[in-house]
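Right, one structure below, let's go through it.
The values are calculated or read from the model by the stated rules, or taken from the named source; none is laboratory data. None of these values were measured; they are calculated from a predicted model. Cβ atoms come from the backbone with ideal geometry, glycine included; neighbour counts cover every protein chain shown. Accessible surface is based on the protein model in full, side chains and every heavy atom, while ligands, DNA and RNA are left aside. Shrake-Rupley method; radii C 1.70, N 1.55, O 1.52, S 1.80 Å.
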Amino acid sequence: MKKLIMVLTATAVGICSINAQKNKKQQDRDAIKAMSGCYKVGFNFTETFNYSTDSLYKPSKVKHDKALEWVEVVTDKNNKIQLQHLLIVGPKNRPHIVKHWRQDWLFENQDLFMFQKGTHWKYVELPKENVEGQWTQKVFQVDDSPRYEGTATWVHIDGKSYWENGTDAPLARREHTKRSDYNVMHRRNRHEITSEGWIHEQDNDKIVREDNKEDFILAQEKGYNTYVKVEDSKCEAAQKWWAEHKGLWKKIRKKWDKAFDMKKDITLQPKVNNKKLFSHLFALKADASKKEVNTIIDQFLN
């Protein structure tokens, strides 16, 4: 009888554990998908400290920008969620849509491409036990080339849901054309879901990285980007644009997926015919062929 009770107890504990894991994963998925929709976005950055030995050093200017942004759920699978950001700029009667960044979320993912410097990402395979219960956030450039990625656990406690991770990345777009005194940004990202929408908080290091030398932190900055949800109808222009162009960008994602599936380091050509990758892809028509897409991306892949 005692053995039977022990077996039944162990079975019940096992079932409860499985159910708890399922519920936790669903909480994670709900938090990730809560970042989709139409938002008024506030972009705020300020340099907090600098460690330069140059007396003429000038910090980056404080940045306060606002925008309207649509976040589309591109893929919604059990272990994979893709969110495409689309900026809406210009006058209301003639809005212009800018394909912005994309974030992919993968459950218990072991394959990462870690930014080194320049246009080089190193492939890293993590042990399975290191990513148990975690979600990898993979962030992509506007042309769907790699940007940065990291893995961590979504936390749901005291009425809060958040995910945070630190990882190396290229210079932010707001800095890329203005700064040449550092070449790597170590990003500490925190995504927190709020009653109004969500917050993307950052504490970043601006790093000088040279071969055979220790990294030097030139400066640090604080980022605080707020996403306040508004009616989906306010982002109708972006929804229509995506409906017309999603076929093209699906072809582009598939081409990149083939490169990632090789599980090898990735190094990109900075320019081809004196134009960056996004310029080539943005010039394509919505009905461009798979061959056109592949030819362009192949020119940038080494």
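A few notes on this one:
- Selection within region 251-265 - surrounded by 14 or more Cβ atoms within 10 Å (Cβ to Cβ) and under 18 Å from Thr295 (Cβ atoms): Lys251, Ile252, Arg253, Lys255, Trp256, Ala259
- The set of residues from region 44-88 being touching a Gly at 6+ places or on another chain (Cβ under 8 Å) and either among the small types (Gly, Ala, Ser) or open to solvent by 30 Å² or more (accessible area, probe 1.4 Å) (or both) comprises Asn44, His64, Asp65, Lys66.
- Neighbours by Cβ (under 7 Å, 6+ apart or cross-chain): first from region 230-258, on the phi < 0 side of the Ramachandran plot and in contact (Cβ under 8 Å) with a residue 24 or more places away in the chain; second loosely packed, with under 15 Cβ neighbours inside 10 Å and in a helix (DSSP H, G or I): Lys251/Lys290
- Cβ separations smaller than 7 Å between residues 6+ apart or across chains give the following pairs from region 29-52 residues that are part of a helix (DSSP H, G or I) to residues that are open to solvent by less than 70 Å² (accessible area, probe 1.4 Å): Arg29/Ile81; Ala31/Trp154; Ala31/Ser161; Ala31/Ile193; Ile32/Ile81; Ile32/Trp105; Lys33/Val73; Lys33/Ile81.
- Residues that are under 17 Å from Gln141 (Cα atoms), surrounded by fewer than 16 Cβ atoms within 10 Å (Cβ to Cβ), without any contact (Cβ under 8 Å) to a residue 60 or more places away in the chain and not hydroxyl-bearing (Ser, Thr, Tyr), drawn from region 273-293: Lys275, Ala283
- In region 257-268, the residues that are in contact with a strand residue (DSSP E or B) (Cβ under 8 Å, 6 or more places away or on another chain) and either of a type outside the set (Ser, Thr, Tyr) or within 12 Å of Asp143 (Cα to Cα) (or both): Ala259, Phe260, Lys263, Lys264, Asp265, Ile266, Leu268
- Within region 158-173, being open to solvent by less than 50 Å² (accessible area, probe 1.4 Å) and closer than 25 Å to Val98 by Cβ holds for Thr167, Ala169, Pro170, Leu171, Ala172.
- The combined condition, being out of contact with any Asp or Glu (no Cβ under 7 Å at 6 or more places or on another chain), in contact (Cβ under 8 Å) with a residue 60 or more places away in the chain and of a type in the set (Gly, Ala, Ser), is not fulfilled by Ala67.
- For region 215-244, a residue qualifies if it is loosely packed, with under 15 Cβ neighbours inside 10 Å and either touching a Pro at 6+ places or on another chain (Cβ under 9 Å) or more than 30 Å from Val62 (Cβ to Cβ) (or both), and the qualifying residues are Glu231, Asp232, Ser233, Glu236, Lys240, Ala243, Glu244.
- Comparison of Thr48, Thr11, Thr75 shows that the only residue that is more than 30 Å from Asp232 (Cβ to Cβ), at pLDDT 95 or above and β-branched (Val, Ile, Thr) is Thr48.
- Residues that are within 30 Å of Arg29 (Cβ to Cβ) and in contact with a helix residue (DSSP H, G or I) (Cβ under 7 Å, 6 or more places away or on another chain), drawn from region 51-75: Leu68, Trp70, Glu72, Val73
- Qualifying residues in region 105-157 (those that are outside any strand (DSSP E or B), over 17 Å from Phe300 (Cα atoms) and of a type in the set (Asp, Glu)) - the one least open to solvent (accessible area, probe 1.4 Å): Glu108
- Within region 189-214, considering residues that are among the aliphatic types (A, V, I, L, M) and closer than 29 Å to Lys117 by Cα, the one least open to solvent (accessible area, probe 1.4 Å): Ile207
- When Pro91 is tested against the conditions (1) farther than 22 Å from Ala31 by Cα; (2) modelled with pLDDT of 95 or more; (3) surrounded by fewer than 14 Cβ atoms within 10 Å (Cβ to Cβ), the lone failure is (2).
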